[in-house]
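Here the structure comes first, spelled out in structure tokens, and everything after it is commentary.
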Amino acid sequence: MQALVYHSLVVFLRLVTRFFFRTIEVVGRDHIPKVGPVIFVGNHPNSLVDPVMITTTCGRPVHLAARDGLFAMPHLMPILWALGSVPIKRRQDQSGDAKQVDNNEAFRALHAVLARGRAFGIFPEGVTYTDSELQPLKTGAARIALSARAEGIPLVIVPVGLSYRQRDRFRGRVLVQYGRPLVLGPDAKDTREDAKALTAQIELALRALTLNAPDFDTLRVLDCIRRIYVPEERDLSLAEEAEITRRLFAHYEAKRDVKEVQAFYTDVTSYLALLDALGLSDWDLRKPVSRVGWGLRVARHIALLLLEVPLALPGLILHFPILWVATRAGEMVISRDDVRATMRMMIATVGVLVSQAAVGIAIVAFDPTLRGVLRAALVLAFFALSGTAAIRVLQKQAIVRHGLRVLLRILALRGEIDALRQERDALHRRLVSIVEAHIDPSIDRIVKATELR
């Protein structure tokens, strides 16, 4: 029974995440063993969305190690039961001076999961966070793995990197990266020293799969440098974007004392400040800026928008109030970005289900016959189709609004924008020169030298 409920819930959560996120890119799924005991260890930037992303993308049934406080929430209990979750006590959640934590029962439950050749997921940071860098890892995941290995369970640890673009907004993008498995040999010992050493290995693996910078300002500048470096015609995947940004940060840390690198970083910071002052983004300058070009681009999106509005209108009428409430509630009730997305997803999901159910019940109540049931099914199918069109319309109207804003700035600030475009081209040439001078040419390049102008 629980297995049927689990698979039904996972299918439902896949639909929810495809609705909530515009793009979900999964990389490295071939690193996941198809059979045998596995521990998924992931970073934890987005509250309850993180375990959902692992559960819906790994291709295997996954039990979850969740903090015990979640099991006290009645609205989460059925979901936690269906997912086969195991409560884990955290020291920081306990009261009293000693704050002793006994997780022996939880360890036994997770060992039983592994002994059956199954998988479970855990987030060794212990908390969700809004910082720009991976948080210090707790040793719990390593201790579970080592104690299970000591019992003769030949498990592997698969690191999972979760990276979100605009994580607290509807229709954002998310990258899920599964890394190479860490295999525990038969000589692994369940000791404090080995737990610390394994935790350090897990941290290195997660840092290789996530974006880490000392602050968001540095991350923003390096992300802009990545955009300046990549040619306009080159369309990168989320994984390639993340890898280039990671390499830029690693090289910047190693070369930040070089005067040429310092000067370039300062000039990119000034370039971003000018863009902010004009209300533009670097994306707006990636291609040659012209009034005619932007005008045609905006006109094309307006035409497509008008064509889809008739189909989208019923979905907008039914669903827009729900999306508005979910968005406003996320902004007004929750101040933390890492929890806001979870609240929005839950409110939107429940709201859509309730509204659809209300429509179906009303139709059947008016005509309680087989014809009424069929009519309700057809109406709900139409609303699902219309809801999809409504999402596309909402996305396009955002594109149109941004395009009109840029077009007005082109008309009013043509000279300033032309100067910024020239500055961007100069920054690109300087960056290519810096890369050629300071980066080992034997490193395999995501963007080949022949693609750079």
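The values are calculated or read from the model by the stated rules, or taken from the named source; none is laboratory data. Worth saying up front: this structure is predicted, and the values here are computed from it rather than measured. Cβ: placed from backbone, ideal geometry, glycine included. Neighbour counts: every protein chain shown. Quick note on the areas: whole protein, heavy atoms, side chains included, nothing else; ligands and nucleic acids left out. Shrake-Rupley method; radii C 1.70, N 1.55, O 1.52, S 1.80 Å.
ARG108 - would you say it is closer than 24 Å to ASP187 by Cβ, at pLDDT 90 or above, not small (Gly, Ala, Ser) and not in a loop (DSSP other than H, G, I, E, B)?
no
Test ILE228 against the stated conditions and say whether it is open to solvent by less than 20 Å² (accessible area, probe 1.4 Å), over 15 Å from the mean Cα position of the chain (by Cα) and more than 30 Å from THR342 (Cβ to Cβ).
Taking the combined requirement at face value, the residue satisfies it.
Pairs, please: C-beta under 8 Å, at least 6 apart or cross-chain, first residue within 20 Å of ARG108 (Cβ to Cβ) and in segment 141-165, second among the polar types (S, T, N, Q) and open to solvent by 20 Å² or more (accessible area, probe 1.4 Å)?
Here the result reads LEU146/THR191, each pair linking segment 141-165 to a residue that is among the polar types (S, T, N, Q) and open to solvent by 20 Å² or more (accessible area, probe 1.4 Å).
Yes/no per residue for (1) of a type in the set (A, V, I, L, M); (2) open to solvent by 60 Å² or more (accessible area, probe 1.4 Å); (3) farther than 19 Å from LEU411 by Cα:
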| position | (1), (2), (3) |
| --- | --- |
| GLU233 | no, yes, yes |
| LYS259 | no, yes, yes |
| VAL268 | yes, no, yes |
| LEU274 | yes, yes, no |
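So that you can scan it fast, the table gives a plain yes or no per residue for (1) over 29 Å from the mean Cα position of the chain (by Cα); (2) closer than 30 Å to PHE249 by Cβ; (3) aliphatic (A, V, I, L, M):
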{"position": "THR349", "(1), (2), (3)": "no, no, no"}
{"position": "LEU394", "(1), (2), (3)": "no, no, yes"}
{"position": "LEU408", "(1), (2), (3)": "yes, no, yes"}
{"position": "GLN422", "(1), (2), (3)": "yes, yes, no"}
{"position": "ILE434", "(1), (2), (3)": "yes, yes, yes"}
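Which is crowded, with 17+ Cβ neighbours inside 10 Å, out of contact with any Pro (no Cβ under 6 Å at 6 or more places or on another chain) and at pLDDT 85 or above, of ILE363, ILE347, ILE410?
None of the other options fit; the residue is ILE363.
Each row is one residue, and each column tells you yes or no for (1) without any contact (Cβ under 8 Å) to a residue 60 or more places away in the chain; (2) over 22 Å from LEU110 (Cβ atoms).
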position: TYR6; (1), (2): no, no
position: VAL11; (1), (2): yes, yes
position: VAL16; (1), (2): no, yes
position: PHE21; (1), (2): no, yes
position: GLY28; (1), (2): no, yes
position: HIS31; (1), (2): no, no
position: ASN43; (1), (2): no, no
position: SER47; (1), (2): no, no
position: ASP50; (1), (2): no, no
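For segment 12-34, which positions are out of contact with any Phe, Trp or Tyr (no Cβ under 9 Å at 6 or more places or on another chain), open to solvent by 90 Å² or more (accessible area, probe 1.4 Å) and within 19 Å of VAL62 (Cα to Cα)?
Residues satisfying the conditions are LEU15, LYS34.
Look at ARG149 and say whether it is out of contact with any helix residue (DSSP H, G or I) (no Cβ under 8 Å at 6 or more places or on another chain) and part of a helix (DSSP H, G or I).
yes
Where residues in segment 214-225 are open to solvent by 20 Å² or more (accessible area, probe 1.4 Å) and under 18 Å from GLU240 (Cβ atoms), which of them is modelled with the lowest pLDDT?
LEU219
Taking into account only those residues within segment 163-212 that are of a type in the set (S, T, N, Q) and over 16 Å from the mean Cα position of the chain (by Cα), which is least open to solvent (accessible area, probe 1.4 Å)?
THR199
Which residue pairs have Cβ atoms under 6 Å apart, sit 6 or more places apart or on different chains, and have a first residue in segment 102-120 that is within 20 Å of VAL156 (Cβ to Cβ) and a second that is in a helix (DSSP H, G or I) and small (Gly, Ala, Ser)?
Close Cβ pairs (under 6 Å, with a partner that is in a helix (DSSP H, G or I) and small (Gly, Ala, Ser)) amount to HIS111/ALA148; LEU114/ALA148.
Report the residue count in segment 366-407 for those that are among the small types (Gly, Ala, Ser) and surrounded by 15 or more Cβ atoms within 10 Å (Cβ to Cβ).
Total meeting the criteria: 7.
Does VAL309 qualify as being surrounded by 17 or more Cβ atoms within 10 Å (Cβ to Cβ) and closer than 30 Å to GLY387 by Cβ?
no
Tell me, please, whether a residue that is of a type outside the set (S, T, N, Q), touching a strand residue (DSSP E or B) at 6+ places or on another chain (Cβ under 8 Å) and at pLDDT 85 or above can be found in segment 243-261.
The answer is no, given that none of the residues of segment 243-261 is of a type outside the set (S, T, N, Q), touching a strand residue (DSSP E or B) at 6+ places or on another chain (Cβ under 8 Å) and at pLDDT 85 or above.
Within segment 57-70, can you find the residues that are within 16 Å of PHE120 (Cβ to Cβ), open to solvent by less than 70 Å² (accessible area, probe 1.4 Å) and either in a helix (DSSP H, G or I) or touching a helix residue (DSSP H, G or I) at 6+ places or on another chain (Cβ under 8 Å) (or both)?
If the condition is that a residue be within 16 Å of PHE120 (Cβ to Cβ), open to solvent by less than 70 Å² (accessible area, probe 1.4 Å) and either in a helix (DSSP H, G or I) or touching a helix residue (DSSP H, G or I) at 6+ places or on another chain (Cβ under 8 Å) (or both), then THR57, CYS58, GLY59, PRO61, VAL62, HIS63, LEU64, ALA65, ALA66, ASP68, LEU70 are the ones that fit.
I'm trying to understand the selection: among the residues of segment 342-399, which are within 21 Å of PRO310 (Cβ to Cβ) and among the polar types (S, T, N, Q)?
SER355, GLN356, SER386, THR388, GLN395, GLN397 - these are the residues of segment 342-399 that are within 21 Å of PRO310 (Cβ to Cβ) and among the polar types (S, T, N, Q).
Return the pairs, sorted by first residue and then second, in which the second residue is modelled with pLDDT under 95 and acidic (Asp, Glu), the first residue lies in segment 188-213 and is within 26 Å of GLU241 (Cα to Cα), the beta carbons are less than 6 Å apart, and the residues are 6+ apart or on different chains.
ASN212/GLU133
Within segment 235-257, can you find the residues that are open to solvent by less than 50 Å² (accessible area, probe 1.4 Å) and either closer than 24 Å to ARG401 by Cα or more than 22 Å from the chain's Cα centre (by Cα) (or both)?
Answer for segment 235-257, where residues must be open to solvent by less than 50 Å² (accessible area, probe 1.4 Å) and either closer than 24 Å to ARG401 by Cα or more than 22 Å from the chain's Cα centre (by Cα) (or both): just TYR252.
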